[in-house]
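Rule-based calculations on the coordinates, nothing more; no lab input. Model, not experiment: these values are computed from the prediction. Neighbour counts run over all protein chains shown; Cβ positions are idealised from the backbone, glycine included.
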Amino acid sequence: MYRPGNQSIWKGRQDPGSTRDVWHQVVQTADLNAQIPDGFCFLGFCSDVGVKRNLGRAGAVDGPDAIRKAMVNLAIHFDENTKLTDVGDVVVSGDQLENAQKELARYTTSMIKNDTFSILMGGGHEISYAHGKGVLDTFPNEKVGMINFDPHFDLRAYPQGAHSGSWARQLFDEYENFHYLPIGINEAVNIASMFEFMRKKNQSFISMEELLGESEEDLLARIDYFIDQMDKVCVTLDLDVFSAGVAPGVSAANPYGALPHHIKPLIKKILQSGKVVSFDVAEMSPEYDDGRTAKLAASFVYDVVNRKTNP
Ligand SMILES: N=CN[C@@H](CCC(=O)O)C(=O)O
Ligand SMILES: [Mn+2]
């Protein structure tokens, strides 16, 4: 079920005389069924059905509003030509995850076709099946690469339906033009058959050891190598790639994770490739947060908007 953007959430700090300093002063709201706005659109996916099906900790259903609230006071460092629009949420009705994923994919396709940059906000990582499907349906004859910042491959089987740990497997199963670069893979939390799956599909990955230990230059060379072979790229940031110390508000809190400075320069460089059509941030779970994780998620939304606008 879709619901349009709600202007009442976009309020925050208001310094005397200030009219255009912070995001809540410029973010508009819209109904995607009436018009697809230009610029950047924020679309939430209110779901933790996939997390529950994957036996994770529930709570991500309220993730989109938590991220929005952390975005309201972000500083404006772009000009009047940059439009930011909150286009609301796709909400899972009951257990109807697959229907909601199809709906989110359709809206994503519509936005990309309009040349609108979609920033999708989860919600469990099942958001990325919908995100990937939306991109792949838009470009059926092009090589589409998804870069996933995540300790998990998310290549699990899904005999009882889609879930938060199956989305990449589903995209491989359904699309021959899907290509995948996971970054931050922790061997300890991925079963051996997933490494074998990646080998058979001829896909590479960057481990957590490499993410934390290799030079930025070497990491960027590996990422560039992947992007060079793709026609279009989309990015998903699973907040559980971060250390639990900086991102407690997720289902699978990470004892061996990255810090923001490991990932920020990589995402900035990926955005500079000019091939990125959309971005999602997944697994925001306010239930376990004290505000830290939502602010971290918002800081990446900030980077996406600013690096796309001032590369
Ligand atoms: N999106 C999450 N996927 C992980 C969850 C791991 C966990 O709950 O501990 C996975 O299935 O591996
Ligand atoms: Mn994960």
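Summary of packing: across the peptides 166-175, 32-41, the per-residue average of other C-beta atoms within 10 Å ranks them, highest first, as 166-175, 32-41.
Over the residues of the chain, the helix contribution to mean residue ellipticity at 222 nm works out to -10500 deg cm²/dmol, using -39500 (n - 2.57) for each DSSP H run of at least 4.
Where a ≥ b ≥ c are the square roots of the eigenvalues of the C-alpha gyration tensor, would you call segment 238-291 rounded, which needs a/c under 1.5, or, failing that, prolate if a/b is larger than b/c, or oblate? Prolate.
In order along segment 237-242, the phi-based Karplus estimate (6.51 cos²θ - 1.76 cosθ + 1.60, θ = phi - 60°) of 3J(HN,Hα) comes to 10, 8, 5, 7, 6, 8 Hz; Gly and Pro are listed as x. Under 5 Å from the amide H of V233 lie the amide H atoms of G145, V276, V277, each residue being 5 or more positions distant or on a separate chain, with H modelled from the backbone and absent for Pro and chain starts. Across segment 212-217, computed HN-Hα scalar couplings (Karplus, 6.51 cos²θ - 1.76 cosθ + 1.60, θ = phi - 60°) run 7, x, 7, 5, 4, 4 Hz from first to last residue, x flagging Gly and Pro. Under the criterion of Cα pairs below 8 Å and six or more residues apart, the relative contact order for the chain equals 21 percent. Residues of segment 16-47 with an amide N closer than 15 Å to a point placed 7 Å from the Cα of N6 along the Cα-to-Cβ direction: 29-31, 43-47.
Residues whose amide H falls under 5 Å from that of D86, counting only those 5 or more places apart or on a different chain, are Q28, T29, A30, F42, with hydrogens built in the peptide plane. Summarising the strand pairing of the chain, around 5 percent of its internal DSSP beta bridges are antiparallel.
In this Cβ point-charge picture (+1 for Lys and Arg, -1 for Asp and Glu), segment 148-282 has a dipole of about 200 debye about its Cα centre. Please identify, among K200, K11, K232, the residue showing maximal mean-square fluctuation in a Gaussian network model of the chain using a 10 angstrom Cα cutoff. Maximum among the listed residues: K200.
Which whole-number percent gives the relative contact order of segment 106-224, counting Cα pairs below 8 Å spaced six or more residues apart? Relative contact order for segment 106-224 comes out at 22 percent. The H on the amide N of L181, modeled in the peptide plane, is under 5 Å from the matching H of M146, I147, N148, each at least 5 residues off or on a different chain. Cβ-Cβ distance of F195 and A221, R₀ of 25 Å, FRET efficiency by 1/(1 + (r/R0)^6): the value works out to about 0.65.
Have a look at S273, S204, A253 and report the one farthest towards the positive end of the charge dipole of segment 204-284, computed about the Cα centre with Cβ charges (Lys/Arg +1, Asp/Glu -1). Ranked along the dipole, the leading option is S273. For the chain, rounded, prolate or oblate, judged on the Cα gyration tensor with a ≥ b ≥ c (square roots of eigenvalues), a/c < 1.5 rounded, else prolate if a/b > b/c? Rounded is the answer for the chain, as its axis ratio a/c remains below 1.5.
For the pair E210 and E98, label points projected 7 Å from Cα toward Cβ lie 3.5 nm apart. Beta bridges assigned by DSSP with both partners in segment 37-167 are antiparallel in approximately 0 percent of cases. Under a model in which nothing but the beta-carbon of Lys, Arg (+1) and Asp, Glu (-1) is charged, segment 2-309 shows a dipole of about 320 debye around its Cα centre. Taking a ≥ b ≥ c as the square roots of the eigenvalues of the alpha carbon gyration tensor, segment 107-257 is rounded, as a/c is under 1.5.
Residues in segment 278-289 carry Karplus couplings, in order, of 6, 9, 10, 10, 10, 6, 5, 10, x, 3, 10, 10 Hz; the curve used is 6.51 cos²θ - 1.76 cosθ + 1.60 with θ = phi - 60°, and Gly or Pro positions show x.
Let's test the formula: R0 of 51 Å, r as the Cβ-Cβ distance of L55 and D15. What FRET efficiency results, to the nearest 0.05? Efficiency for this residue pair is about 0.65.
When the chain is treated as a GNM with alpha-carbon contacts under 10 Å, the residue of A282, A252, A297 showing the greatest mean-square fluctuation is A252.
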